[in-house]
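What follows is a single structure, written as structure tokens, with notes after it.
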Amino acid sequence: MAAMTPTPAPNDGAAPTAAPGAAPAPADRDGQRDRQETGVPAPARAPRRFRSGSRPRVWRGAVLALAGAYFLLPLLASFVFTVHVPGQGVSFEAYTQLLGAEGFTRSLLLSLGLAAATITASLLLAVPALVAVRIGSPRLRPVVEVMCMMPLVVPPIALVTGITTVLRWGPEHLSRTPLYQTFLAVQNPDFPLVLVLAYTVLALPFVYRSLDAGLRAVDVPTLVEAARSCGASWPYVVLRVILPNLRTALAGAAFLTLALVLGEFTIASLLGFQPFAVWIVSISGAHARMSVAVSVLSLLITWLLLLLLSRAGTAPATVSPGTTRHSRTSRTSGKES
Amino acid sequence: MSASTTIPPTTGTAGGSTTRRRRRGPRTWLAALPLLVFTGLCFGVPLGAIAFGAVTRTDPVSGATEATGEHLARSLQGPYLGSLIGSVQLSGLTALVAGVLGVLIAQAVVTSPSRALRGATLTASGVLANFGGVPLAFAFIATVGISGVVTQLADLTGLGWNLYSFTGLTVVYLYFLTPLMVLVTVPALDGLRPQWREAAQNNGASGWQFWRHVGLPVLAPSLLGGFVLLFGTAFAAHATAAALVGGSVPLVTLKIADALSGNVLTGQENVALALGLDMIVIAGLVMAVYLPLQRRSARWLR
């Protein structure tokens with residue numbers, strides 16, 4: 001492992017700087033300064049901070065400015081597109097006409113309903129399983145993890161080919177069995193349960209990661225032991241001890257699921273339903289301005305939700321499961337090293 | 001929670017506590033059962049249907065089912081193969097560019113002394129990484145589409161710009177892939193301890209030597225893992241491309257959607273299943289590379 005090199009650095013770092021001819025100019029300067037510093041430990045800090053503070057500031061500023069321009073431009077341009085009609089001037093019609101637009105309320109309510117059902121279903125499935133794996137059945141842990149992470153491997157478009165095939169079994173093979181009614185009920189266009197099932201599958205990896213990170217931050221077995229020793233019943237332990245400790249993780253899981261369901265297009269459109277994302281595409285031909293206005297609004301709403309959520313917990317923890325893991329591991333690493 | 005019901009087991013003898021433990025085992029196991037049954041039914045059955053449908057053919061008249069490699073073979077020929085290659089090329093290119101940009105941004109954020117900048121970037125990355133799909137496509141149409149704001153202002157069409165092309169899709173994909181890379185790499189860059197840098201400097205290493213011998217080797221698994229994750233994300237993306245280019249760029253997700261919605265010859269559903277299976281295999285390979293890499297990087301960046 002080359003990563004071990006910080007310790008045996010004398011044969012690795014010092015030798016090349018002793019021959020600075022091969023190194024570019026800045027490195028040469030650094031090398032000389034470092035050799036001076038090793039002689040005088042006290043002022044060593046000042047020049048190094050000067051170096052890491054001034055030279056990278058240029059490229060840091062350039063990188064951040066370019067990135068900011070790239071990421072802000074489409075948002076600003078979209079807003080201008082929605083309010084500025086060439087030849088007519090500024091008008092907010094695209095936003096004001098939204099509420100009255102055909103299908104807007106219906107599709108939005110459908111998406112919100114689907115999101116609520118999906119969040120409920122995924123949490124009801126994942127929380128008991130993960131808590132159980134923590135306190136009583138550690139051997140099930142790899143099984144649960146694989147089950148939850150598998151949907152990451154299957155792209156939604158591949159999943160939907162499987163779902164359409166299964167749904168076709170209904171009329172083809174099961175028309176004389178009671179299962180047929182189930183197949184019809186699941187595809188009820190007013191509230192397509194089949195979408196809830198598919199979205200729950202898609203949300204499981206995110207829910208799992210968020211909850212797993214939350215559970216790792218608290219010592220569940222000890223908390224449960226303590227609560228049980230004090231005479232708490234099992235429902236009491238779950239509702240008043242475990243869940244409050246998981247508040248941030250639950251909120252994070254719910255938010256990610258909400259964002260996933262509100263933006264989901266592939267499965268819904270190929271199964272022939274019209275939640276929000278599908279509706280936006282369906283109006284884009286006739287009302288281009290309105291479809292862009294809805295897109296801008298959806299981003300703003302997502303941003304707002306995320307900010308609210310980050311107020312509730314720690315900011316980076318709710319941004320992504322990855323950062324959650326990190327913020328905790330960096331804290332423990334302080335103790336280890 | 002009345003005390004009278006719960007105290008007897010806890011005040012019991014050592015034998016009592018073992019029976020309690022024995023009773024707790026099966027109970028907790030039951031709590032995981034709904035999840036396992038659900039994924040088995042709602043995930044396993046469609047997967048099984050994909051695998052079964054991809055390798056069999058059912059005669060519409062007699063109803064007899066026989067095994068055949070025809071669908072898989074056809075999914076790897078002609079326009080279908082072209083769409084697979086197109087998807088792989090687009091995903092590879094976007095993942096590479098987004099990976100480099102993401103690392104640069106992440107490094108700029110990590111080395112910055114400003115906590116506010118860091119928080120804002122991470123929050124923005126979290127939102128933008130989820131801002132794929134239809135809204136993103138429309139935002140870009142409004143910006144650099146045919147009648148987009150920037151297109152009109154800068155006369156991009158005269159310069160040969162076309163949003164509804166491979167290049168256009170690349171630019172759009174970077175919009176959600178780069179923030180994703182930032183989210184993945186910031187923890188890794190944070191894990192590079194300042195002590196390592198100090199140790200290297202005290203031993204006379206230059207900045208380049210530090211990155212060459214310490215920084216990059218430690219980061220390599222995370223960066224590769226990030227690249228692979230971006231590749232998988234770009235590969236599976238469908239909504240953005242569907243709302244943006246329709247069919248003008250050959251992508252496997254678009255071909256599957258066409259085959260499923262019957263825009264091509266009837267009886268293509270099984271080819272769609274075979275293409276789905278191809279995608280799962282490629283995505284599975286991607287994850288098989290990603291997970292061990294992530295584990296390896298966790299060893300150093302703990």
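The values are calculated or read from the model by the stated rules, or taken from the named source; none is laboratory data. Everything quoted here is computed from the prediction, not taken from an experiment. Backbone-built Cβ (ideal geometry, glycine too); neighbour counts: all protein chains shown. Areas reflect the complete protein model, heavy atoms only, side chains present, ligands, DNA and RNA absent. Shrake-Rupley method; radii C 1.70, N 1.55, O 1.52, S 1.80 Å.
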Point to revise | Nearest-20 debye value, the range B:89-229 charge dipole, Cβ charges on Lys, Arg, Asp, Glu | key: 320
Point to revise | Which of B:W161, A:W279 is most accessible, then next, and so on - probe 1.4 Å | key: B:W161, A:W279
Review point. Binned at 10 Å from 0, what are the whole-percent values of the Cα-Cα distance distribution for the range A:65-116, short to long?
Key: 21, 28, 32, 18, 1
**Study point:** Residues whose placed amide H lies under 5 Å from that of A:H84, excluding near-sequence neighbours
**Key:** A:S91
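Relative contact order, percent, of the range B:100-220 when contacts are C-alpha pairs under 8 Å separated by at least 6 residues? Numbers along the way, then the final one.
Values: 85 pairs, mean separation 39.5, N = 121.
RCO, the range B:100-220: 33 percent.
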Practice item. Please work out the FRET efficiency for the pair A:R139 and B:F52, using the Cβ-Cβ distance as r and a Förster radius of 41 Å; give the result to the nearest 0.05. Key: 0.85
Point to revise | Accessible area of B:Y164 in the full protein assembly, 1.4 Å probe (Å², nearest 10) | key: 60
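Need one value for A:267-279: mean number of C-beta atoms belonging to other chains within 10 Å of its residues' C-beta atoms.
Values: counts 2, 1, 7, 7, 1, 1, 0, 0, 0, 2, 5, 2, 1.
Per residue, the number of nearby Cβ atoms from other chains is 2 on average.
Could you work out, residue by residue across B:118-126, how many beta carbons of other chains sit within 10 Å of that residue's beta carbon, and then give the average as an integer? Show your work: numbers first, answer last.
On the way: counts 2, 4, 1, 4, 7, 9, 7, 5, 14.
Taking all residues of B:118-126 together, the mean is 6.
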Practice item. Using only atoms on other chains, find how many Cβ atoms lie within 10 Å of each Cβ of peptide B:209-217 and report the average. Key: 5
Point to revise | Residues along the range B:133-169 losing 50 Å² or more of accessible surface when the other protein chains are present rather than the chain by itself (probe 1.4 Å) | key: B:V134, B:P135, B:F138, B:A142, B:T143, B:V149
Study note, to complete from the structure: Probe 1.4 Å, all chains present, heavy atoms only: B:F52 accessible area in Å², nearest 10, is 120
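Between chains A and B, what is the buried accessible area summed over both chains (1.4 Å probe, protein heavy atoms, nearest 100 Å²)? Numbers along the way, then the final one.
On the way: alone 21120 and 17450 Å², together 29810 Å².
What A and B bury together is about 8800 Å².
Of the heavy-atom accessible surface of the range A:142-289 (probe 1.4 angstrom), what whole percent is carbon and sulfur? Provide the component values of the computation, followed by the final result.
Numbers: 3990 of 6280 Å².
On the range A:142-289, the fraction of accessible area on carbon and sulfur atoms equals 64 percent.
How much area per residue is accessible in the range A:129-216 when the probe is 1.4 Å and only protein heavy atoms are counted (Å²)? Walk me through the numbers before you get to the answer.
Numbers: 3780 Å² over 88 residues.
Computed with neighbouring chains in place, this is 43 Å² per residue.
In Å², and per residue, what accessible area does the range B:103-228 have when probed at 1.4 Å with the other protein chains present?
On the way: 4480 Å² over 126 residues.
Per-residue accessible area for the range B:103-228 comes out at 36 Å².
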